[in-house]
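First comes the structure, then the notes that go with it.
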Amino acid sequence: MGCCNSKDSKERKVVERPQSDGQPVDSDVKKDVVEEVVEETSEETLLGVEPRALTRQVDPRTERIQAICARDSSCPYRYDACAVVGGEVKCYFEDGLIYRIMKDGCWYYYNDTLEYEAHVELFLGPGSQVATGERATMEVMSDNWTRACAVLYPLETLRCVSGNVLGYRCSVTVKPLSEEYRHKACVAANRTALMETEAVRRLAGSETNEEQILCRCVETNTRYVDLKFPPSAEALARTGKDSRSIAEMAMMRPTQYLPEDMRLMVNDITGPVVAHAIDHGNLGDSWLMCAAAILAEDETAVRNIFLQGTSAEKALGAYRLLINKNGWWVTILVDDYLPTFSCMPVFARLRDSPAEMWVSLLQKAYAKLHGSYAAITGGDALQALVDFTGSPMYRFDAEWESAAMDATKVQALANALVGLSRSGASVVLSTPGHNSESYLGSNQAGDPAAFRARYAKCGLRMGYTYFVERVVVVQRPQALLFKVRNPWRSSGTWTGAWSFGSRKWEENPDVCSVCDAQEDPRDGSFWMSWEDAREYFDGGGVFISTCEMTDYRIKGVFQGVFPSVVLEITASESTRVLFTLSQPDKRGLDRTDGAALFAPIMLTVSKREGNMQRVQKNTSWNPETPSEEYNFVVGREVGMWFTLEAGEVYQIVPRVHHKGVKNEYNRPYVIGIISPCRLEGTVRAEAKCLGSDSNVFTNYCLYESEAPQSVEAEYQVHIPGKSPVTNVSARVI
């Protein structure tokens, strides 16, 4: 009997800078100072560059991606709230933050952050003839230099000085906003949020059912507020429960923070869904945003999440999202209040379409599901994709590292990845996080700054997961190539071998044709060889999309090691299905909760032989390769593809290792049956109960099974594009 740890989590992925993981204390105050010295300056003006015009017809999705990429190349700002258009722009920090704009003899400074205040000190050479702008102070020093000072708050543009400057020195210091300033900036919005919350609470009275409360809001035309996840500080971080604190923010609806001409445009999805539109925000949940970006590669998958809402509900700020949690489909009802600052969402948003809410609402629904925004920092993007779609996944970190260390194992990895890519499965690759101990991550200990700079140079972010569009093996020259999609805004670009414009394509025209790499698609994607990929990515995984498939979910509970429900299945014709087994997620739970640790689990499929059942396959870490061995996996879910032969009788038996059993805790589970087509009329599945004396629970490959008792079970049927239907019966298909 084996008990192995699954790769159920990656290193915590955090945004390196700026930090937003708590209210600042004195020791945490960031005082980055940039010194700039210039003897003389001229008043040259550099006009803004308009995005390149598209010269050919493209589909709406491609058009949106290219428009975003073109905008990124012409506009340096993250939030694009600068009040000055055009001018000569200078950035003071490597990752943006503070900018100086010189235009028409005026020196403007712009704070392109939501969490810092910037202190600008400008020393102007003797003989300079200048006047100060709003909120700037000026004094002449003893050496005849003139000192001008100004403080910029988030998204502010200030004119510091104007006139003729003869040489200057400039110092810019940034530090986190004070609690006092935050509170003053947020108090009015939060007062409004509280008033609307109390109005809905009065309307609800003693009613606690979310559906009934929403109905009352629709009947009375009252703006909806989610009383189970209200717009308050507790939604950000739970006192005494979350280890992380989050600074005060203004809770606002998009109809409150958007310009008036955009308020009627607010909706969950308003245009073609593209990953490039996502701004991950400042929460520190890059793993979740990577999952959202990968999800956005399939617009149908995103739309399936939002298919339940009505226009009447949305008009009142109420949205429904369909998420698969712990193997079971659940509808999450949320209001549209978001954490903001300076009338800008602080967390996830769509940067080119402020009225389009899908990524902000998806993040909020996930936070509600786990208790708070603080509860969703750090995780594995593939696990979030399972929650968003109900589809299985697995990681191949060990196989990737093994191939990176041993050239004889590269071919096996290449064959597997090419096959998966061709089958329609989504392959993803991950970069090491800042605290990673992987074969790559451990290299950063000597010089972390140089390690980060290496990734920034080629446009990659540390601790991120990237979608792989294609995996190609070519024979002449022998190479394994990955086409990686990078939707994240970056100043760097991959320029190595097989990059767009590389001589490799010119030298190998046949490969160029196969890979369709004649020109740069201008969508952030790039080609990279295995030799380079292994130096930047430390692993990855596979996501098996099932959003176009029908799935059936059956609930049960382990009483000790014994399942309350097994399935007995027969098929009238040969049918290939995907079986899954899920246990409760530990995210957001108290450490004393019975589900706070994953149990080692496994799913067994056996076939009838007379009055006996013979084990055919057990799940392993990879759904594509079920095993005859008994290997329990410590993870949220396991799965396997299996072909049901016509006329045979099978049992699907959930298993849990005794090491995962806790006193006074019966661990729930969900069995999933996923199929490319509906199974009614082809497959019959019934809920049964096996006695605790069955030898299947002691790993016998042949065990007795005479007429197991039928039991009623709660089950769901989810047809693509429709809401799941829940029933209770002994017959589940």
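Each reported figure results from applying straightforward, stated rules to the coordinates on display, with no laboratory input. Remember, predicted model here, so these are calculated numbers, not experimental data. Glycine gets a Cβ as well: all are built from the backbone with ideal geometry, and neighbour counts include every protein chain shown.
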Response to the item:
Taking r as the C-beta separation of residue 298 and residue 260 and R0 as 25 Å, the FRET efficiency to the nearest 0.05 is 0.15
Response to the item:
Fewest-first ordering of 674, 269, 278 by Cβ atoms within 10 Å yields 269, 674, 278
Worksheet item: What list of ³J(HN,Hα) values in whole Hz, one per residue of the stretch 648-661 in order, does the Karplus curve 6.51 cos²θ - 1.76 cosθ + 1.60 (θ = phi - 60°) give from phi, with Gly and Pro shown as x?
Response: 8, 10, 10, 10, 10, 10, x, 10, 9, 6, 4, 5, x, 8
Worksheet entry | Listed residues 97, 197, 730: farthest to the positive end of the dipole of the chain (Cβ charges) | 730
Practice prompt. May I ask you to derive the FRET efficiency for residue 731 and residue 61 from their Cβ-Cβ distance with R0 = 41 Å, giving the value to the nearest 0.05?
Written response: 0.45
Fill in: Helix-only [θ]222 nm of the chain, DSSP H runs n ≥ 4, -39500 (n - 2.57) each, per residue, nearest 500
-6000 deg cm²/dmol
Fill in: Spatial extent of the stretch 275-324: Rg and Dmax, with the Cα atoms as the point set, Å
12.7, 34
Fill in: Reciprocal of mean inverse Cα separation for the stretch 179-389 (Kirkwood radius, Å)
17.3 Å
Worksheet, complete the sentence: Filtered hits (lysines, Cα-Cα < 16 Å from residue 90, offset >= 8 within chain) -> 103
Worksheet item: How many lysine pairs are close in the stretch 179-389, with Cα atoms under 21 Å apart and the two 8 or more places apart or on different chains?
Response: 11
Practice prompt. Find how much the distance from residue 559 to residue 311 grows on full extension, using 0.36 nm per residue of separation minus their present alpha carbon separation; answer in nm with one decimal.
Written response: 84.8 nm
Fill in: Reciprocal of mean inverse Cα separation for the stretch 550-729 (Kirkwood radius, Å)
16.6 Å
Worksheet entry | Selection of GluC sites (Glu not before Pro), the stretch 662-715, meeting DSSP coil and at most 16 other Cβ within 10 Å | 664, 680, 706, 712
Worksheet entry | trypsin sites (Lys or Arg not before Pro) restricted to DSSP loop in the stretch 652-733 with at most 13 other C-beta within 10 Å | 722
Worksheet item: Where the only charges are on Cβ atoms (+1 Lys, Arg; -1 Asp, Glu), what is the dipole of the stretch 539-682 about its Cα centre, to the nearest 20 debye?
Response: 440 debye
Discussion item. 7 Å from Cα along Cα→Cβ at both residue 191 and residue 166: what's the point-to-point distance in nm?
Written reply: 5.2 nm
Item to complete: Starting from the Cα coordinates of the chain, work out the convex hull volume and express it per residue in Å³.
Response: 192 Å³
Practice prompt. State the extension gain, in nm to one decimal, for the chain segment bounded by residue 411 and residue 241, taking 0.36 nm per residue of separation less the distance between their alpha-carbons.
Written response: 56.4 nm
Worksheet entry | Cα-based helix-to-principal-axis angle, 210-220 vs the chain, degrees rounded to 10 | 50 degrees
Item to complete: Provide Rg over Rh for the stretch 393-543; use the alpha carbon set for both Rg and the Kirkwood Rh (inverse mean inverse pair distance).
Response: 0.94
Worksheet item: Dipole size in debye (nearest 20) for the chain around its Cα centre, Lys and Arg Cβ +1, Asp and Glu Cβ -1?
Response: 1180 debye
Discussion item. Let's see if you can work this out: charge +1 on each Lys and Arg Cβ, -1 on each Asp and Glu Cβ, no other charges. What is the dipole magnitude of the stretch 409-485 about its Cα centre, in debye to the nearest 20?
Written reply: 300 debye
Discussion item. Can you give me the C-alpha center-to-center distance between the stretch 175-232 and the stretch 490-509, rounded to a whole angstrom?
Written reply: 52 Å
Worksheet item: What is the local net charge at residue 328, summed over the other residues whose Cβ is closer than 13 Å to its Cβ (Lys, Arg +1; Asp, Glu -1)?
Response: -1
Worksheet entry | Packing-based exposure ordering (other Cβ within 10 Å, fewest first) of 564, 582, 572 | 572, 564, 582
Practice prompt. Rounded to the nearest 0.05, what FRET efficiency do residue 183 and residue 643 give with R0 = 45 Å and r taken as the Cβ-Cβ distance? Could you check?
Written response: 0.10
Worksheet, complete the sentence: Mean separation of Cα contacts under 8 Å (at least 6 apart) over the residue count of the chain, i.e. the relative contact order in percent, is 12 percent
